[in-house]
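Here you go, one structure.
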Amino acid sequence: SQHRIESTNMKISATAVTALLALPATTLSFAPSAAAFRRRATGLNVLEEPSVAASAPPSESVFLTAETARKSIEAVGSPLYAYSIPVLQENADKCLAFPNAYGLTVRYAMKACPNAAILQLFNKKGIHIDASSGYEVRRAMAAGIPAENISLSTQELPADFAELVDMGVKLNACSISQLEKFGYHYAGQNKSVGIRINPGVGSGGFSSSTTTFSKTNVGGPSSSFGIWKDFVTDGTVPEIVEKYGLNVERIHTHIGSGSDPAIWQQTAAISLSFCEMFPNVTTLNLGGGYKVGRNPGEPTTDLIEIGKPVQEAFEEFAAKNGRELKLEIEPGTFLVAMAGALVSTVQDKVSTSGDSGHVFLKLDAGMTDVLRPSLYGAIHPMTLLPGSGNSEDVGTEMESTVVVGHCCESGDLMTPESGEPESLDERLLRKASIGDILVMDGSGAYCSGMSTKNYNSFPEAAEVLVDASGDVHVIRSRQTLEQIYANEVTPPESIL
């Protein structure tokens, strides 16, 4: 039968893949030449240090002036998330220009910032959706995203996965059990499915290791994401595919948010080798995780530089196998990180004395809004603007301070040491007064969507879009106290 023939081909290819996984990227048959890798060794742009002397406080943040920050607060109160429409559109255009040989689909990793207005903006640009749960799928469809434009790769297969698939959602099986459940439901129907594979390496976090655990590394033996590569090459996955008569049309890999260009390019070549095993594959999804430099001296991935060798690899694959594969990428951070900012107010200022003393700025926001510093030891750019909303009031005085959040939690720290959430650090900022505005840039990704909202019963912050004219458009109202406890149910008095 055709399935038996394909299974034989898969087993033959598996032997080649096993050998391939042990080779360095520069020796891969359809990888770019070693010289090409050297030419594009970094694929990163480094954010330059500001030209203005540190003794002069900045008069604006990445995209907000004192005037637009004050206008945003007047619209919805403080704190709030602000997103720049021009920056969102510019980042979308950069992703849509990613080099490709035979067609490109950009999928926004909506977990980065799932507000409906953001999804709709990207949808108008022709960007599709990468969802990480069944709930995200439903949320995207509620925002008007067509089901056929949504791809689901999830750690928890939703109970209604078949209903979503029947509506047009594309599903990537991320484990053996997910593939079994999918196959059992669609047995004998030649149903199309994608397979997410853990390629054995990853990239992310503050460790340079490609195989050890990191909170932002989703590849390698210390990661649970995807089907481990050996289960593909040893025949386990091909046998399930044959048993249920499935049509594998997509291969998906994703290594994390470090986006080391060399690791990313190596993974692309390895991923293409998996495509060889399944003759009906038409699309290779290489995930996202492109590094964004939030602070001076931090690198940002150059999509053109890392994309060119991948394009060449696709072309060489086509020449060797007679198949022209489409490319999919799933940027999240790259699209929204620097397009968003947390706008907050300094609500108190205290100090301690002695050799270990500090000046502390207490915000009306914190880990309830931006969790990344407390979780990862992440560093965000900060700009202190005058509470008057007048840029002329910026002044010249600077001060080293520790910035903390409003939660009754010692870990609610906005200025940790880099990569050390347990250690505080000082930041040289404009000298602040109570009532001044603190803008935390780089808060467009994994902030509003990954907050610890409602801790200490603080409400979810509002969100606004800021257009090219500086006008503010509300896209989420502030949560009310009543909405926080609306789902609580009072038990019978007799049991209390």
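The values are calculated or read from the model by the stated rules, or taken from the named source; none is laboratory data. Here the structure is a predicted model, which means the values were calculated and not measured. Note: ideal-geometry Cβ built from the backbone for every residue, glycine included; neighbour counts use all protein chains shown. SASA here: full protein model, heavy atoms, side chains in, ligands and nucleic acids out. Shrake-Rupley method; radii C 1.70, N 1.55, O 1.52, S 1.80 Å.
Report, to the nearest whole %, how much of the accessible area of region 114-154 belongs to carbon and sulfur atoms, 1.4 Å probe, protein only.
The C+S portion of the solvent-accessible surface of region 114-154 is 52 percent.
Output the pairs from 125/229; 431/453; 191/320; 94/124; 170/291; 291/320 with a Cα-Cα distance over 24 Å in this structure; if there are none, say none.
Flagged as over cut-off: 125/229; 431/453; 191/320; 170/291; 291/320.
Round to a whole angstrom and tell me the spacing of the C-alpha centers of region 96-173 and region 291-340.
With region 96-173 and region 291-340 each reduced to a Cα centre, they are spaced 18 Å.
Can you check what the net charge comes to around residue 135, using other residues whose Cβ is under 15 Å from the Cβ of residue 135 (Lys, Arg +1; Asp, Glu -1)?
-2
Could you grab the relative contact order for region 67-138? Cα pairs under 8 Å, six or more apart, rounded to a whole percent.
27 percent.
So, one more: In region 262-389, what percent of the accessible surface is made up of carbon and sulfur (1.4 Å probe, ligands and nucleic acids excluded)?
On region 262-389, the fraction of accessible area on carbon and sulfur atoms equals 47 percent.
By how many nm would the segment from residue 409 to residue 185 grow when fully extended, if each residue of separation counts as 0.36 nm and the alpha-carbon distance is taken off?
75.9 nm
Moving on to the next point. Just flag the GluC sites (Glu not before Pro) in region 288-345 sitting in loop per DSSP whose Cβ has no more than 16 other Cβ atoms within 10 Å.
Hits after loop and neighbour filter: 324.
Around residue 78, what is the net charge, scoring Lys/Arg as +1 and Asp/Glu as -1 over all other residues with Cβ under 14 Å from its Cβ?
Its environment carries a net charge of -3.
Which FRET efficiency value, to the nearest 0.05, do you get for residue 388 and residue 428 by plugging their Cβ-Cβ distance into 1/(1 + (r/R0)^6) with R0 = 25 Å?
0.70
Now for a different question. Round to the nearest 0.05 the FRET efficiency obtained for residue 355 and residue 138 when R0 = 51 Å and r is the Cβ-Cβ distance.
0.40
If you add up the charges near residue 252, with Lys and Arg at +1 and Asp and Glu at -1, over every other residue whose beta carbon is less than 15 angstrom from its beta carbon, what do you get?
Neighbourhood net charge equals +2.
Would you work out what percent of the accessible area of region 72-113, with all protein chains in place, is carbon or sulfur (probe 1.4 Å)?
46 percent
A further question on this structure: At a Förster distance of 22 Å, what's the computed FRET efficiency of residue 398 paired with residue 60, Cβ-Cβ distance as r, to 0.05?
For R0 = 22 Å, the calculated efficiency reads 0.85.
Rolling a 1.4 angstrom probe over the protein heavy atoms, how many square angstrom per residue are accessible across region 52-176?
38 Å²
How much length is gained on full extension from residue 102 to residue 320, taking 0.36 nm per residue of separation minus their Cα-Cα distance?
Answer, rounded to one decimal: 77.0 nm.
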